[in-house]
1. With a point put 7 Å past each Cα toward its Cβ, work out how far D44 is from R203 in nm, to one decimal.
2. Normalised radius of gyration for the range 12-62, please: alpha carbon Rg relative to 2.2 N^0.38 Å, two decimal places.
3. Can you put M142, M29 in order, fewest other beta carbons within 10 Å first?
4. With 10 angstrom as the radius, rank V159, V83 by how many other C-beta atoms surround their C-beta, starting from the fewest.
5. Just to verify a number: FRET efficiency for D36 and Q160, C-beta to C-beta distance, R0 = 45 Å, to 0.05?
6. How much net charge surrounds G45 when only other residues with a Cβ under 13 Å from its Cβ are counted (Lys, Arg +1; Asp, Glu -1)?
7. Once both labels are modelled 7 Å past Cα along the beta-carbon direction, what's the D73-Q195 spacing in nm?
8. So how strong a dipole does the range 14-94 carry about its Cα centre when Lys and Arg Cβ are +1 and Asp and Glu Cβ are -1, to the nearest 20 debye?
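FYI, it's all coordinate maths here, none of it is from the lab. All of these numbers come straight from a predicted model, not from anything done at the bench. Reconstructed Cβ throughout: ideal geometry from the backbone, glycine too, with neighbour counts over all protein chains shown.
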Amino acid sequence: MNSPVIPFGRPRPERADAARNRELLLETMRAMIAEDGVEKLTMDGLAEQAGLGKGTVFRRFGSRAGIFRALIDEDERRFQESVLAGPPPLGPGAGPVERMVAYGRARTAFLVERHAIARASLERDHPAPAGEGNFSRVHLRMLIGLADRELADPDTLSVQLASALEGAFLLFLQDPGSDDRALEGAVRPVADSWQLLIERLFRP
């Protein structure tokens, strides 16, 4: 692949009032989650706190899970922008191995910090988003190519590496027995293991 870009793009053009309502709802959600946590956030409560009609919230998000998908999608867009255009070593300007290490560490922290939102964004009938991990796979494939190592199957390797970051965490984040301290404690060992794996694979 020649480009790490996933077409996450920008939201489709909206009317000015719709765009204002969306930003208001997202900011209100963040404030409510910070104050009371994810479990207590409801569509009725969000509408009341934002000073909007309940129908407006339903039209915007469709369901309670849709509220959290919108929030995590916004965070995901910002994360991808930092990878594609932010400062090194996560963004351009560092060597490919350094960028792979930085990406794994940043992605681990990103997922753990949003574990409750990620769980709440899952619909019962669709527990695993179909496109999960595509950005990681394409980005890592680009960096593998830049690392200039003779690998038999870099495409498969990029899938396996992306799965190490995304797939295992999806399962872990869905575990209802996982508490905040256990998740926070997982960040460093997972990130350290990722760095060891990348350096063993790609360092001369």
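1. Modelled inter-label distance: 5.8 nm.
2. Working it through for the range 12-62, the quotient is 1.11.
3. M142, M29
4. Ranking V159, V83 by Cβ neighbours within 10 Å, fewest first, gives V159, V83.
5. Computed FRET efficiency for D36 and Q160 comes out at 0.70.
6. -2
7. Calculated label separation equals 3.5 nm.
8. It works out to roughly 260 debye.
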